[in-house]
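Nothing in this text is a laboratory measurement; each read-out follows from the coordinates by a stated rule. Since this is a predicted model, take the numbers as computed values, not measurements. Note: ideal-geometry Cβ built from the backbone for every residue, glycine included; neighbour counts use all protein chains shown.
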Amino acid sequence: MDYKIIGHDHRVAAVDMIQVFFPGEKYKALEEGEYSSRFIESRFESGLINARFFVDSLLVAEARLQCVCIDIGLGVKESIYELFKGKYHPPWGLLTGIRPAKIVSKMIDSGLSETDIIRSMQEKYLASPAKAALCLEVAKAERDILEATNTKSYALYIGVPFCPSRCLYCSFTAYPVAKYTHLTKQYIAAVKKELDYAARLYKEKELESVYVGGGTPTSLDDESFSQLLEYTAKTFDMANLKEYTIEAGRADTISESKLDIMRHFGVSRISINPQSMKDETLVKIGRKHSAAEFVKAYNLARKKGFSHINVDIILGLPDENEADVSNTLKEITALLPEEITVHTLALKRASKLKEEISSATIAEAAQMEKFLGLSKYYMDNFSYKPYYMYRQKNSPGNFENAGYRKDGYGCLYNVQIMHERQSIIAAGAGAVSKFVNADHDRIERAFNVKNVDEYIERTAEMIRRKTAAYNKAAKGVLNNADH
Ligand code: SF4
């Protein structure tokens, strides 16, 4: 879908809204006076915001808004929304950001009542009543979880980018562990250098949480896995640690010995993720374990004393229908994990040329709404409450991924990520450190290279990148990426 912006500089707002109706396409900017076979024009002129949709030089739809507010970006979004709302009402309305609960949290800070917040979410942002209520519930839970935290603390992330096999939908840095055994030792040695640096940099700060993710850290052999955890324990002061999570994601990597090692080093929270309880689906998405093997691994973790387990599932996996999703939810809730994280997987398909909004987009969004309805039913009935959430961008419906918890649980690390008020220092290939200067409202990120060989060779450079980002954040230097 091409687009043309005239008279304002809210390009991101316009493209974000176009993506809601035309997900998965390429979005090309046209100059004023330039035309293409299919484009949306967004214009601001004399206090009017105007959106027009052209196909083959013909004006197909038009929406005009009198701009009475100062938020022109929101007006730009609304005018585009008006063009297509007859075909499809996106449940999140004009909310296109990844963290909608942050908006609600700011409303709470400003003293708005819950009724006014719900009204504002529906009237100003055109969110559905269900999404407005979800946002409020998540914002309240996040605030509740963060209330007891030390604002000067930091989090440590350790990335282990190996997995037994690659899942169909994987968007992470993940290498097949069997092909990389020759590099594991060097990889751990490189991570240790970064851990040394992190401990030195933050020696005056309190370490609040550790998150070992990837990849699947438990796909390492016992010796390497144990070494990594042992080194972490001796390098950092873990006395005030509130949470220690390891993504034990794949059931095929969980053994008695791995669980013993984790218990020995004080791991308090683990994730074991079946994604679906349908064996045919697990084969289709490239998992090397069955639903029964997941249950066995889960029960073994319980037997070993793990009392805080998260289970991830995915809605929208290939060829799954409502009965499949319902069965997965039924079997998972029967196990009573402390947390269930519900992801939505939307396959990105471009609409056919000249079609206003792809019928596939509308059908996929409608189906996902049904799956989410089922998930809500099970979460409500088994007393799970939403506590953290982020949204998919550029996918049909732009739905949310949400973490649900039993009372008293929840992942502090995840909530801190959403809140963006805590620095995270990250080690490992593909890991991203985030340095937060809350006083100046600045965030600087340092990105590690994703390739494992390069990471091992360039570890010193990764450390230099962190130093540069840390210094920039500390000085409150403007981050160009923010503007
Ligand atoms: S387990 Fe996770 S990180 Fe590993 S391949 Fe699957 S989706 Fe990717």
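What to note about this one:
- Straight-line cross-link partners of Lys258 among the lysines, defined as a Cα under 17 Å from its Cα and at least 8 positions apart when in the same chain: Lys296, Lys303, Lys304.
- At an R0 of 45 angstrom, the distance between the Cβ atoms of Ser326 and Val60 translates into a FRET efficiency of 0.70.
- Taking every C-alpha pair closer than 8 Å and separated by at least 6 residues, the mean separation divided by the residue count of the chain gives a relative contact order of 15 percent.
- The chain - Rg over Rh from alpha carbon coordinates, Kirkwood radius: 0.98
- Assuming charge only on the beta carbon of Lys and Arg (+1) and of Asp and Glu (-1), the dipole of the chain about its Cα centre is about 660 debye to the nearest 20.
- Legend: distances between Cα atoms for Lys185/Lys472; Lys140/Lys475; Lys192/Lys472; Lys234/Lys434; Lys85/Lys393; pairs beyond 21 Å are Lys185/Lys472; Lys140/Lys475; Lys192/Lys472; Lys234/Lys434.
- Placing unit charges on the Cβ atoms of the charged side chains and taking the dipole of the chain about its Cα centre, the candidate lying farthest along the positive direction among His308, Ser46, Thr216 is Thr216.
- Here is the result for segment 210-258: no chymotrypsin sites (Phe, Trp or Tyr not before Pro) lie in DSSP coil with at most 10 other C-beta atoms within 10 angstrom of their C-beta.
- For q = 0.09 Å⁻¹, Debye-computed log10 I/I(0) when each Cα of segment 248-375 counts as one equal scatterer: -0.31
- Among beta bridges that DSSP assigns inside the chain, antiparallel share in %, nearest 5: 45
- Cα shape, segment 152-288, gyration tensor, a/c 1.5 rule: prolate
- Annotation for segment 20-73: GluC sites (Glu not before Pro) lying in DSSP loop with at most 16 further Cβ atoms inside 10 Å of their Cβ are Glu31, Glu32, Glu34.
- Principal-axis analysis of the Cα atoms of the chain puts helix 291-303 at an angle of about 50° to the longest axis.
- The ranking of Val104, Val12, Val76, Val177 by Cβ neighbour count inside 10 Å, starting from the fewest, reads Val12, Val177, Val104, Val76.
- Take every pair of alpha-carbon atoms less than 8 Å apart whose residues are at least six positions apart; their mean separation over the length of segment 1-151 yields a relative contact order of 18 percent.
- Distant-in-sequence amide contacts of Ala61, defined by a placed amide H-H separation under 5 Å and a gap of 5 or more residues or a different chain, comprise Phe53.
- Pairwise centroid distance, computed over Cα atoms, of segment 1-79 with segment 388-467, Å: 32
- Here the chain is scanned for trypsin sites (Lys or Arg not before Pro) in DSSP loops (not H, G, I, E, B) that have at most 10 other Cβ atoms within 10 Å, and the longest stretch holding none of them is 27-202.
- The chain: angle of helix 72-84 to the longest principal axis, Cα-based, in degrees nearest 10: 70
- Proximal aspartates and glutamates to Lys152, defined as alpha-carbon separation beneath 18 angstrom and excluding residues fewer than eight positions away on the same chain: Glu142, Asp144, Glu204, Glu206, Glu208, Asp237, Glu243, Glu420, Asp439, Asp441, Glu444
- Placing unit charges on the Cβ atoms of the charged side chains and taking the dipole of segment 73-137 about its Cα centre, the candidate lying farthest along the positive direction among Pro129, Val104, Trp92 is Trp92.
- Relative to the longest principal axis of the Cα atoms of the chain, the long axis of helix 114-123 lies at roughly 50 degrees.
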